[in-house]
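*Asks:* Below is the structure I would like to discuss, written out as structure tokens.
The values are calculated or read from the model by the stated rules, or taken from the named source; none is laboratory data. Every value quoted in this text rests on a predicted model; they were computed, and no experiment measured them. Note: ideal-geometry Cβ built from the backbone for every residue, glycine included; neighbour counts use all protein chains shown. Accessible surface is based on the protein model in full, side chains and every heavy atom, while ligands, DNA and RNA are left aside. Shrake-Rupley method; radii C 1.70, N 1.55, O 1.52, S 1.80 Å.
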Amino acid sequence: MIQLIAAGIGAVGQIAAGQAQRQASELNAFQIETDKEMNKVQALQASRARREEYDLATSTNVAAFSAAGRDVGTDRSVEAFLERQKEVIAQDVGRIDQQTQFENMKASMAAMAERRRGRNALSAAMFSAVGTVSEGIYRYQTTRT
């Protein structure tokens, strides 16, 4: 009878350990997803800061061209320069957005893998607990006879 009780206690312990691993994985996945959201905010801030730099640089360049006596509205080289600066800012912001998307996909996959790890740990613990109980029943019956 002691073997059955010991097997039952062992099985309960295995299940509890599996549940604890699953909960830990859920917390880790939640942290990964929280970091993902923070990454989105940081990307928005970086994009906004880059646009503000562009606006400031454009204002400075227009003032410098005007001070040099160049007509900003009709000078083709000034117009080409300013157009190129627009292209550069668009590329920079695009790179920031693309990098953020890649990092967020990576984080989503990591969170999904972490949750899977927790579910697998719980499943393994359940199978192990069934094995422990089965072994306890077998030993009890073997000893009893």
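*Asks:* For the structure I just gave you, tell me whether ASP92 is in a helix (DSSP H, G or I), open to solvent by less than 50 Å² (accessible area, probe 1.4 Å), at pLDDT 95 or above and of a type outside the set (A, V, I, L, M, F, W, C).
*Replies:* Working: in a helix (DSSP H, G or I): yes; open to solvent by less than 50 Å² (accessible area, probe 1.4 Å): yes; at pLDDT 95 or above: yes; of a type outside the set (A, V, I, L, M, F, W, C): yes.
When the stated conditions are applied, ASP92 passes them.
*Asks:* Also, I was wondering about something else. Could you tell me which residue of segment 4-37 is surrounded by the fewest Cβ atoms within 10 Å (Cβ to Cβ), considering only residues that are under 10 Å from LEU122 (Cα atoms) and among the hydrophobic types (A, V, I, L, M, F, W, C)?
*Replies:* First, the residues of segment 4-37 that are under 10 Å from LEU122 (Cα atoms): 14-23.
Among the residues that remain, those that are also among the hydrophobic types (A, V, I, L, M, F, W, C) are: 15-17, 20.
On the way: ILE15: 17, ALA16: 12, ALA17: 16, ALA20: 14.
The qualifying residue surrounded by the fewest Cβ atoms within 10 Å (Cβ to Cβ) is ALA16.
*Asks:* A further question follows. For segment 38-78, give me the residue count where each residue is touching a Phe, Trp or Tyr at 6+ places or on another chain (Cβ under 9 Å) and more than 24 Å from GLY94 (Cβ to Cβ). Outline the logic, then answer.
*Replies:* In the first step, residues of segment 38-78 are kept if they are touching a Phe, Trp or Tyr at 6+ places or on another chain (Cβ under 9 Å); the result is 61, 65, 71-72, 75, 78.
With the extra rule that they be more than 24 Å from GLY94 (Cβ to Cβ), the set shrinks to 65, 71-72, 75, 78.
Residues meeting the conditions: 5.
*Asks:* Need pairs with beta-carbon distance below 8 Å; first residue more than 24 Å from TYR138 (Cα to Cα) and hydroxyl-bearing (Ser, Thr, Tyr) and within segment 1-27, second at pLDDT 90 or above and open to solvent by less than 50 Å² (accessible area, probe 1.4 Å); sequence gap 6+ or separate chains.
*Replies:* SER25/GLU114; SER25/GLY118; SER25/ALA121
*Asks:* Restricting segment 38-68 to residues that are farther than 22 Å from VAL78 by Cβ, open to solvent by 60 Å² or more (accessible area, probe 1.4 Å) and aliphatic (A, V, I, L, M), which is nearest to the chain's Cα centre (by Cα)?
*Replies:* MET38
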